[in-house]
Amino acid sequence: MAEFDQDHAAGMGAETAKTANQGAATPQFIKIKSLLRVSHGRDLRLRDGDIIIAIDGELNTNDVDAFRALGAKAELLEEKLLLTICRGEVVYDVFAGGRLGAEYDYADAEESSAAAALFAKHHMGPKDHYQNYEALRDVQRHVVLYDTGYSAIATILPPVWLLQHRAWEPMAAVVAAYATSLVVHWGVFAITAILLAIYFHRIQFRLIRNYSLFTEHYFWHVLAARTSAEAQLVCRQIDPKCQFDFSYVGAPEPDSTTTPSPQQTT
């Protein structure tokens, strides 16, 4: 009888250990319950229900309080956290500059397990290889995608940089300014070139953002990626019908509709 009790206890202990190991292997992730009306999370185009599965490439095993503390620390030190987000079947990364301004909840066991499985297939590179991209989309699902990092070409050769981004009206204005100042005097041309270089050095991607809004492309998505091709792939996963001027992911399927579905609008 004592022998049976020992075997039974050993079996129960092994089962308990197995359950504990399974729980440890799949942590309970934090998910966004709701976002404040004005918040950093809204600026990053996060949504209610998004699961935060990793920070800087490591599984996010923090509880809500610890995660809030990490955000506050990053904001204080002016650092960025590379968050890996699970939205449905899509996993993507985004740089956050501090607290998201959100209410949090915990994903249930099924959601956490599915998110962990998707993250296992998500290839992460070194953090310093990533750059935030902003995607703006019009009603025809045409997407303007640009990175928010500094570009030396924008400072040195503004017309070339504008040509790369197909910003025709600003490019025409810059060329006209060069031509007019050169006709007046070479010294005026030099001053104009220097002033434009300073201007483009400071404004850069905000100019492209404003021009995209002018052409009726509206904020849609923000993500971190290593290349434009990788960023386009994430956009295509979120909206299979989106299209780009210079596409690395090919054309969308031919049965596309002209307007996005309600789930793809924000």
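The values are calculated or read from the model by the stated rules, or taken from the named source; none is laboratory data. Owing to the predicted nature of the structure, the values given are computational and were not obtained by experimental measurement. Counting neighbours? That spans all protein chains shown, and the Cβs are built from the backbone with ideal geometry, glycine included. Each accessible area value is taken on the protein alone, full model and side chains, heavy atoms only, with ligands, DNA and RNA left out. Shrake-Rupley method; radii C 1.70, N 1.55, O 1.52, S 1.80 Å.
Odds and ends about this structure:
A quick yes/no check of all residues on (1) touching a helix residue (DSSP H, G or I) at 6+ places or on another chain (Cβ under 9 Å); (2) crowded, with 17+ Cβ neighbours inside 10 Å:
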residue: 182; (1), (2): yes, no
residue: 197; (1), (2): yes, no
residue: 201; (1), (2): yes, no
residue: 205; (1), (2): yes, yes
residue: 212; (1), (2): no, yes
residue: 220; (1), (2): yes, yes
residue: 225; (1), (2): yes, yes
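- Taking residues in region 69-90 that are under 18 Å from residue 124 (Cβ atoms), and partners anywhere that are among the charged types (D, E, K, R) and open to solvent by less than 10 Å² (accessible area, probe 1.4 Å), the pairs with Cβ atoms closer than 9 Å and at least 6 places apart or on different chains are 82/93; 83/93; 84/93; 85/50; 85/93; 86/50; 87/50.
- Residue that is farthest from the chain's Cα centre (by Cα) [pool: residues in region 200-223 that are among the hydroxyl-bearing types (Ser, Thr, Tyr) and either part of a helix (DSSP H, G or I) or under 28 Å from residue 91 (Cα atoms) (or both)]: 211
- Residue within region 29-50 that is surrounded by 13 or more Cβ atoms within 10 Å (Cβ to Cβ), in contact with a strand residue (DSSP E or B) (Cβ under 9 Å, 6 or more places away or on another chain) and modelled with pLDDT under 90 present: no
- As for region 123-135, it holds at least one residue that is over 17 Å from residue 54 (Cα atoms) and either among the aromatic types (Phe, Trp, Tyr) or without any contact (Cβ under 8 Å) to a residue 60 or more places away in the chain (or both).
- Filtered residue count, region 107-150, keeping only those that are crowded, with 16+ Cβ neighbours inside 10 Å, in a helix (DSSP H, G or I) and under 18 Å from the mean Cα position of the chain (by Cα): 3
- Selection status of residue 246, aromatic (Phe, Trp, Tyr), touching a residue at least 60 places away in the same chain (Cβ under 8 Å), closer than 27 Å to residue 85 by Cβ and open to solvent by 70 Å² or more (accessible area, probe 1.4 Å): no
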